[in-house]
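A short reminder: the numbers here are calculations on the coordinates, not readings from a lab. Note that this is a predicted model, so its numbers are computed, not measured. With ideal geometry, Cβ positions are generated from the backbone for all residues, glycine too; neighbour counts draw on all protein chains shown.
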Amino acid sequence: MTDTFQGTLLGWSEETGLGLLGSTVRRTVLDHGAWVDVRPGWVTGADALFERLLERVPWRAERRHMYDRVVDVPRLLKFYGEGEPLPDPVLDEARDALDAHYARELGEPFRTAGLCLYRDGRDSVAWHGDTIGRGSSEDTMVAIVSVGTPRALLLRPRGGGPTLRHELGHGDLLVMGGSCQRAWEHAVPKTARPTGPRISVQFRPRGVR
């Protein structure tokens with residue numbers, strides 16, 4: 001189903017947990033009221049978590065209408081709605097920690113978790129913002145935890161402008177906040193370089209997709 005995943009000595013441990021947030025989170029303030037927080041290596045033992053998610057999550061392929069035809073979505077997916085049990089207790093711990101850290105700014109808890117499996121460099125997601133629902137008109141947050149082989153996540157202002165690049169994997173956390181979903185776009189581009197699989201976990205508040 002995927003290319004071979006090779007972990008790191010720092011990322012591999014049977015004991016999976018979370019590091020601190022607080023002052024370890026680096027914020028970049030963007031234009032138009034948007035911002036991005038990054039916390040490298042937040043999940044300890046992230047490679048073990050990757051292996052568990054790869055095995056436990058009921059991954060599925062989807063097809064979607066694109067212009068005048070139906071195409072395969074170039075990644076595997078699983079969405080966990082409100083109240084649906086998550087596939088690993090570390091994800092529950094991560095959601096609780098994010099709720100605590102961002103409670104004052106966000107003003108509500110993270111409610112859902114969308115998981116994407118990028119099997120190799122051919123899997124990708126095109127430029128977009130999470131604007132289905134409240135993200136199209138309100139400031140909100142999307143928190144992304146990445147495990148597996150690092151892949152580039154790109155951000156650019158809507159309408160064009162300089163592109164920011166973050167290599168995410170092995171337990172990294174990236175949070176997009178403020179007006180980021182409606183004023184900026186993000187993407188995971190295809191790559192011709194040999195690369196192993198990556199799993200992205202996106203925590204969102206109610207009504208944001």
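With unit charges on the beta carbons (Lys and Arg positive, Asp and Glu negative) and the dipole taken about the Cα centre of the stretch 25-205, which residue among Leu54, Leu115, Gly196 sits farthest to the positive side? Of Leu54, Leu115, Gly196, it is Gly196. Taking every alpha-carbon pair under 8 Å whose residues sit at least 6 apart, the chain reaches a relative contact order of 29 percent.
Taken one residue at a time, the phi angles of the stretch 38-49 give Karplus couplings (6.51, -1.76, 1.60, θ = phi - 60°) of 10, 10, x, x, 5, 8, 8, x, 5, 5, 5, 4 Hz. Gly and Pro are set to x. Electrostatic bookkeeping for Gly159 treats Lys and Arg as +1 and Asp and Glu as -1; over the other residues with beta carbon under 13 Å from its beta carbon, the sum is +1.
By other beta-carbon atoms within 10 Å, ranking Cys180, Cys116 with the fewest at the front produces Cys116, Cys180. In order along the stretch 197-209, the Karplus-derived 3J(HN,Hα) couplings, from 6.51 cos²θ - 1.76 cosθ + 1.60 at θ = phi - 60°, round to x, 9, 10, 10, 10, 10, 8, 9, x, 4, x, 10, 9 Hz, and Gly and Pro are given as x. Each of Pro205, Val142, Tyr102 was placed along the dipole of the stretch 25-205 (beta-carbon charges, centred on the mean Cα), and the one lying farthest toward the positive end is Val142.
Length gained on full extension, Val70 to Thr24: 12.2 nm, using 0.36 nm per residue less the C-alpha separation.
Per-residue ellipticity at 222 nm computed for the chain from its helices equals -5000 deg cm²/dmol, with DSSP H segments shorter than 4 residues left out and the rest contributing -39,500 (n - 2.57). Backbone amide hydrogens, once placed in the peptide plane, bring Thr195 within less than 5 Å of Gly121, excluding anything fewer than 5 places away on its chain. The phi-based Karplus calculation (6.51 cos²θ - 1.76 cosθ + 1.60; θ = phi - 60°) puts the 3J(HN,Hα) values of the stretch 111-123 at 10, 10, 9, x, 10, 10, 10, 8, 6, 6, x, 7, 7 Hz, whole numbers, x for Gly and Pro.
What does the C-alpha gyration tensor say about the overall shape of the chain? Classify as rounded when a/c is under 1.5, otherwise prolate if a/b is larger than b/c, or oblate. Cα axes put the chain in the rounded bin.
By other beta-carbon atoms within 10 Å, ranking Asp120, Asp92, Asp47, Asp72 with the fewest at the front produces Asp72, Asp92, Asp120, Asp47. Distance from the Cα centroid of the stretch 94-114 to that of the stretch 153-176 is 20 Å (rounded to whole angstrom). The Cβ shell under 14 Å around Asp130 holds other residues with a net charge of +4, Lys and Arg each +1, Asp and Glu each -1.
Sparse packing (at most 16 other Cβ atoms within 10 Å of the Cβ) combined with a DSSP loop state is found for the following GluC sites (Glu not before Pro) in the stretch 129-209: Glu138.
Under a model in which nothing but the beta-carbon of Lys, Arg (+1) and Asp, Glu (-1) is charged, the stretch 25-205 shows a dipole of about 660 debye around its Cα centre. Close amide-amide hydrogen proximity is noted between Thr44 and Gly17, Leu18, Gly19, each under 5 Å apart and 5 or more residues distant or on a separate chain (H modeled in the peptide plane; Pro and chain starts excluded).
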